[in-house]
Amino acid sequence: MSNPAINIYKQRRTQYAIGKNISIGQTDATSLIKEAVKLAPTAFNSQSSRAVILFNEQHDKFWQLVMDKLRAIVPAESFAPTEQKINSFSAGAGTVLFFEDQDVVKGLQEKFPSYADNFPAWSEHATGIAQFAVWTALAEADIGASLQHYNPIIDDAVFETWDLPASWKLRAQMPFGSHEAPLGEKTFMDDEERFRIFS
């Protein structure tokens with residue numbers, strides 16, 4: 001079976017070896033990311049996902065912030081691998097920070113109290129879908145990316161540095177850039193262990 005959507009999904013892979021020479025300009029990359037987030041579905045069309053897109057010195061500032069926070073908690077004798085990993089993210093062209101607006105979640109809980117317990121989980125679904133949408137769109141543009149989770153240890157510094165609304169909750173970080181190494185093979189578990197089909 002050949003399906004255009006599935007073919008694009010196959011392009012989306014984790015790429016740690018990234019550089020600054022992406023195939024499109026900053027303006028087009030920004031538009032691509034914005035459109036992907038806007039088109040990602042959300043429960044009740046809540047549109048709870050938020051994104052901060054960092055380029056150039058702001059991108060560098062973010063990964064230096066992460067480095068500083070990790071250096072404060074990782075033993076010095078064990079820090080070299082951590083430093084190498086953070087430097088690999090900083091080597092990219094940009095970073096997307098993904099957030100969920102908790103004011104939206106609380107508003108839905110108040111408006112639809114019978115579903116109140118579900119809205120936090122649905123918000124997590126929303127951010128996951130937005131992340132996949134952006135990641136896939138970047139992959140289709142031949143831009144490598146990976147998904148990172150340095151929250152909550154960086155949260156306070158991120159909000160202070162970029163003066164973000166207090167209602168936003170940081171969920172993930174996606175450094176992206178040009179492919180600087182081939183992608184490795186992706187392996188899959190057996191379908192029999194993963195799926196049940198009834199007809």
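The values are calculated or read from the model by the stated rules, or taken from the named source; none is laboratory data. Worth saying up front: this structure is predicted, and the values here are computed from it rather than measured. Neighbour counts are summed over all protein chains in view; Cβ atoms, including those assigned to glycine, are modelled from backbone coordinates with ideal geometry. Surface accessibility is based on the protein's heavy atoms, side chains included, excluding ligands, DNA and RNA. Shrake-Rupley method; radii C 1.70, N 1.55, O 1.52, S 1.80 Å.
Quick notes
- Sequence-distant lysines (8 or more away, or on other chains) whose Cα lies within less than 19 Å of K20: K61, K85
- Annotation: per residue accessible area for the chain equals 59 Å², rounded to a whole number [probe 1.4 Å, protein chains only].
- More than 20 Å apart - percent of Cα-Cα pairs taken over the chain: 62
- Extension gain (nm, one decimal) between N3 and Q109, 0.36 nm per residue minus Cα-Cα: 34.3 nm
- Modelled label positions at M189 and D117, each set 7 Å beyond Cα in the direction of Cβ, lie 2.7 nm from each other.
- Under the simplified labelling scheme, the T14-F198 pair shows an inter-label distance of 3.4 nm, with each label point 7 Å from Cα along Cα→Cβ.
- Length-normalised contact order of the chain in % [C-alpha pairs under 8 Å, at least 6 apart]: 36
- Computed extension length for T30-E180: 51.9 nm, one decimal, from 0.36 nm per residue of separation with the Cα-Cα distance subtracted.
- Inter-part distance, segment 69-134 to segment 159-199, computed on C-alpha centroids, equals 10 Å.
- With a simple spin-label model that places each label point 7 Å from the Cα along the Cα-to-Cβ direction, the separation between S23 and K38 comes to 2.3 nm.
- Restricting segment 137-199 to trypsin sites (Lys or Arg not before Pro) that sit in a DSSP loop and have at most 15 other Cβ atoms within 10 Å of their own Cβ leaves K186, R196.
- In the chain, the DSSP-assigned H stretches of four residues or longer account for a calculated mean residue ellipticity at 222 nm of -14500 deg cm²/dmol, using -39500 (n - 2.57) per stretch and the full residue count as denominator.
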